[in-house]
Every structure is written in C-alpha cells, then in structure tokens.
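Asker: Before I ask anything, here is the structure I am working with.
The values are calculated or read from the model by the stated rules, or taken from the named source; none is laboratory data. Fair warning: this is a prediction, and the values are worked out from it, not measured in the lab. For neighbour counting, all protein chains shown are included, and Cβ atoms are generated from backbone atoms with ideal geometry for every residue, glycine included.
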Amino acid sequence: MAQTQQIPVKVGEEITVEINGYATQGEGVGRYKGFTIFVPNSLDGETVLTRIEMVKKNYARGELVLVLKDAPQRVEPACSLYALCGGCQLLHLNYQGQLEFKRQRLIDVLERLGGFKGVEVHPVIGMPEPWKYRNKVQYPFAINDEGKVVIGCYQQGTHDVVDTGECLIQHDLNSRIMNRVRELTQGMGISVYDEKTGQGLLRYVLVKNGFESGEAMVVLVTSSPEFPEGKELARMLATGFPELKSVVQNINTSGGNVVLGDRNKILYGEEGIIDRLGDLEFKISATSFFQVNPAQTKILYQKALEYASLTGKERVLDAYCGVGTLTLFLAKKAKEVYGIEVIPEAIEDAEENAIRNQAKNVTFVMGATEDVLPKLVNIGIDFDVAVVDPPRSGCEERVLQTFVQVQVERIVYVSCNPSTLARDLKFLVNRGYEIKEIQPIDMFPHTYHVECVALITRK
C-alpha cells in the first residue's frame, strides 16, 4: 500500500523555498522536501524565505518574508496599497514578464485540462501604457474601526474593504468621483450596509466612464428602495463633475454578494451614457456590460473580425452579445447577424445601438443562448460563423452541441477564462473540430486575468 506523504511544514514555521513556476493567480510555486508550497508575490527563479500560513493535505501556502535571490523581472510595486489590496496581483513583476506569464498560463491550462499540445498560441498583445486603462470601477461601501465611511477593493481573500483613494489602473475621473461619493456619504450621514447584520443602505458604488465621449455615470446600489437623500446626493455630486450625465439608484434587496439588483431609479440626468468604439456609438446603462478596457477591446474585436473571415455573404451568430458591441462590428462585414443575450436591459440597449448605428442587418433575441439557439435552428435559421463571448463559466454544453449539430464551419471563441476555454475546446475537438490558432490579449494589465480569441474550424 502506498504511503501517504508526510507533511514537512507547520503553520508559523519559516522555510527557504526555490520558486520554479506559477499558480493560476500568479503566486510563485516551489517544493520543500517534495511538498508543494505557494508563495504570493514571489517570482519564478527566486529563492525566498516564507512563513507558512496555511497547511492542507497536498500543499501549503506561505507569506513572503524575504527574497534571498531575486529574479531579473522583479520590480518595486508602483502602488502603496499593493500589499493590502486584492485588485492587482502582478505589480511586482515587470510588464514583459507579465505578458510571458499570461501566455504560459494559457498554454499550461490548455495542456492540463484540454490535453492539447502544440497549439499555436501567439505572444500576448500588451498595452504601450498599461496604466489608468479601466473605464469602470465597482467598489463596496464599509465603515472602518473609527466609524468613517470607506470605499475600495476587498483585501485579498477577505471581505475587509481597503479604502482606495487612488488606483493606478483606474481612470483618474473614476477615482475623483469615488472620493467625492465617500465625502458626501460621510457628510450627509447616510447609512452604509453591513453584510453581517444586513442593516444599512449603501452597498456598492459603480462609476462608468466613456473614454471617447467624456461622459460618466454613477450607480449607487442600495439595500432598500427608500433612499430619501438620493436626489440631493446626486445633485451635489453632479455640481462638481460636468462630465456626470447620469446618477442611478440600483435596488438590491438580496442577502448574497451579487452586486446589482434588477430595479433602477434615475436620481439625476439620463438613464445611461454614450460611448464610442472605433466609428460605432453605444449606449451604456446601469446594469449592462461594456468591456472595461476600451483601447484593448478594439484590438480584441479586430482579431475576432479577422478570424471570422467575413465576405459579406455569411449569416453570423453572436452568442452572449451584451449591448451588441461585437455584433455591430461583425454586422459591417456580414450579410446578417443574430445577437443573443439573457439580460433584458442589455437587449434594449443593443436594439437602440443598432438603430443609433443604422445597422439594419442585425436581429437581437432575448434569452439564454442555450435555450434560444436550438429554437432558431429548429425554425431553419442556421449559421456560417458563430462568435461566442461567454461569461467566465464558459459555454453551456447545449450551445456547443448545437454548433456541432448544424455543422457551423467556423467558430470564433472570445474567452476570459482559460480553464473553461480548454474544457469547451476539448468538447468541440472530440466532435470534428480543430483549433487553428489562439491570440491572447492583455485586457487587464497587472492582474492574472488573460483574455484571448481562438479560431476553431470544422475538419
């Protein structure tokens, strides 16, 4: 009978570990007496002193105490909150090193979960200036030990809020509006939600910022429809920011940690804002999804268009279409495009966006892709090219099954999660498809996230 491995470390112990690789979220990984040790903030090739914080059956996690031999890619993190905040994970790794880590992570996951060796994965397309790129911020409210209102990221692995006055990956306007919201909440004495007790009003604040249009909107998420100070807060906020075109109250009475509820009230101005991507114009409302890095989104969509290889004769499916951003890019080159989306407000925005951009060859259908797509196919609407941009959970199997059934020639898969991409690619490859190539794009510099576009064709 095989012997179970003895665990060679205990909590509180300090040990020296050589780091020789990375885990999914960018932590360094090493071995100590054959036992796996994860050390956040350490880099491949380093020797580090680590204090063990957690021990499990197959691995332990340590805190970085000291770098005894550092890697050439190590840099001093540019942000003073980096040690506390969970928003970024890779600020201690230079940007070229981050891009290499992301490509390797994608290759490793494809091999480990999909069984794919030798797939053509191009170098990651990075940003010339990987700072201040986010057009959206979403922070929880909390009260600190001194009784002051705080707004910011959660500390990594906890629900403790780190007060964030400035963030190096957020547009400056987002941070300035956020700081004013904090001041007004404190000054007006508005109660802040406590997730332990379920008491208090303000839960989250979102700022959405149109980089091209210069318009901004604020969404205040409340635990109750009653918000007596709402209109006054919105008016005072708007007096300081001429860019602010919309302040919306979103009502979320659920007890869980889902951010947005499904009811909105306009407190000031319009119900949404307008932004542009390339030569297209889009309406963005409180609950609809819009890509958070506009500069890289253009590159992502151009790559998706290139892989779709449209000649103007094709009927194209855009599954999980959101407010129709990618749909309208595809419509310029296709005969017709069908967009499917489950969120009603997003579909309303998508239809308005199609009218706004005079796209007459687009049809939007509301519902879950896995329900809508088979129905479309049953009434004789099939597709030459399918473009999918699913959430982190990937595609529902029924969606992939329908692609196989109607023998879609070409699938362009936009993925924000290598694990579910690998799973879905395996499903398709086992049913007569092949992976031509994958282009990763850095949508979220300084974090472990990697977005990519995969081209899949029928054998």
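Asker: Does region 125-168 hold any residues that are in contact with a Ser or Thr (Cβ under 9 Å, 6 or more places away or on another chain) and aromatic (Phe, Trp, Tyr), and which are they?
Answerer: Across region 125-168, the qualifying residues are TYR139, PHE141.
Asker: So which of LEU310, LEU328, LEU317 ends up being surrounded by 17 or more Cβ atoms within 10 Å (Cβ to Cβ), in a helix (DSSP H, G or I) and touching a residue at least 24 places away in the same chain (Cβ under 8 Å)?
Answerer: Numbers: LEU310 fails: in a helix (DSSP H, G or I); LEU317 fails: in a helix (DSSP H, G or I).
Result of the check over LEU310, LEU328, LEU317: LEU328.
Results for (1) farther than 23 Å from ILE381 by Cα; (2) buried (at least 17 other Cβ atoms within 10 Å of the Cβ), shown as yes or no for each residue.
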position: ARG410; (1), (2): no, yes
position: ARG423; (1), (2): yes, yes
position: GLU434; (1), (2): yes, no
position: ASP442; (1), (2): yes, yes
position: THR447; (1), (2): yes, yes
position: LYS459; (1), (2): no, no
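Asker: Of all residues in region 48-58, which are crowded, with 16+ Cβ neighbours inside 10 Å and either farther than 14 Å from GLU18 by Cα or modelled with pLDDT under 95 (or both)?
Answerer: Correct list: ILE52, VAL55.
Asker: To continue, here is another question. From the set of residues in region 257-289 that are among the β-branched types (Val, Ile, Thr) and in contact with a Phe, Trp or Tyr (Cβ under 9 Å, 6 or more places away or on another chain), which is surrounded by the most Cβ atoms within 10 Å (Cβ to Cβ)? Full working, then the answer.
Answerer: First pass over region 257-289, keeping only residues among the β-branched types (Val, Ile, Thr): 258-259, 266, 273-274, 284, 287.
From what's left, in contact with a Phe, Trp or Tyr (Cβ under 9 Å, 6 or more places away or on another chain): 259, 274, 284.
On the way: VAL259: 15, ILE274: 17, ILE284: 25.
For region 257-289, the residue satisfying everything is ILE284.
Asker: Which pairs do you get when a residue that is closer than 13 Å to GLN170 by Cβ, found in region 75-86, comes within reach of a residue that is aliphatic (A, V, I, L, M), reach meaning Cβ atoms under 7 angstrom, with the pair 6+ apart or on two chains?
Answerer: These pairs meet every condition: CYS79/LEU91; CYS79/LEU168; LEU81/VAL162; CYS85/VAL162.
Asker: Taking the stated definitions as given, is LEU202 buried (at least 19 other Cβ atoms within 10 Å of the Cβ) and either farther than 26 Å from ARG276 by Cα or over 19 Å from the mean Cα position of the chain (by Cα) (or both)? If you could, list the steps in order and put the result at the bottom.
Answerer: Working: buried (at least 19 other Cβ atoms within 10 Å of the Cβ): yes; either farther than 26 Å from ARG276 by Cα or over 19 Å from the mean Cα position of the chain (by Cα) (or both): yes.
Against the criterion (buried (at least 19 other Cβ atoms within 10 Å of the Cβ) and either farther than 26 Å from ARG276 by Cα or over 19 Å from the mean Cα position of the chain (by Cα) (or both)), LEU202 qualifies.
Asker: What do you reckon, is LEU173 under 24 Å from ASN41 (Cβ atoms), at pLDDT 95 or above and not in a strand (DSSP E or B)?
Answerer: On the way: under 24 Å from ASN41 (Cβ atoms): no; at pLDDT 95 or above: yes; not in a strand (DSSP E or B): yes.
Here the answer is no, as LEU173 does not meet what is asked.
Asker: While we're looking at this one, here's another question. Let me spell it out: the conditions are (1) farther than 27 Å from ILE266 by Cβ; (2) without any contact (Cβ under 8 Å) to a residue 60 or more places away in the chain; (3) under 20 Å from the mean Cα position of the chain (by Cα), and GLN155 meets all of them except one. Which number is the exception?
Answerer: Condition not satisfied by GLN155: (2).
Asker: Of LEU43, LEU91, which residue is within 24 Å of GLN156 (Cα to Cα) and out of contact with any strand residue (DSSP E or B) (no Cβ under 9 Å at 6 or more places or on another chain)? Steps first, answer last, please.
Answerer: Working: LEU43 fails: out of contact with any strand residue (DSSP E or B) (no Cβ under 9 Å at 6 or more places or on another chain).
Residue meeting the stated conditions: LEU91.
Asker: Just wondering, is there one or more residues in region 282-304 that are part of a loop (DSSP other than H, G, I, E, B), in contact with a Gly (Cβ under 8 Å, 6 or more places away or on another chain) and not small (Gly, Ala, Ser)?
Answerer: Start the filter on region 282-304 by keeping residues that are part of a loop (DSSP other than H, G, I, E, B), which leaves 286-293.
Within this subset, residues satisfying the condition of being in contact with a Gly (Cβ under 8 Å, 6 or more places away or on another chain) are 286, 288-290.
Next, only the ones that are not small (Gly, Ala, Ser) stay: 289-290.
Yes, some residue in region 282-304 is part of a loop (DSSP other than H, G, I, E, B), in contact with a Gly (Cβ under 8 Å, 6 or more places away or on another chain) and not small (Gly, Ala, Ser).
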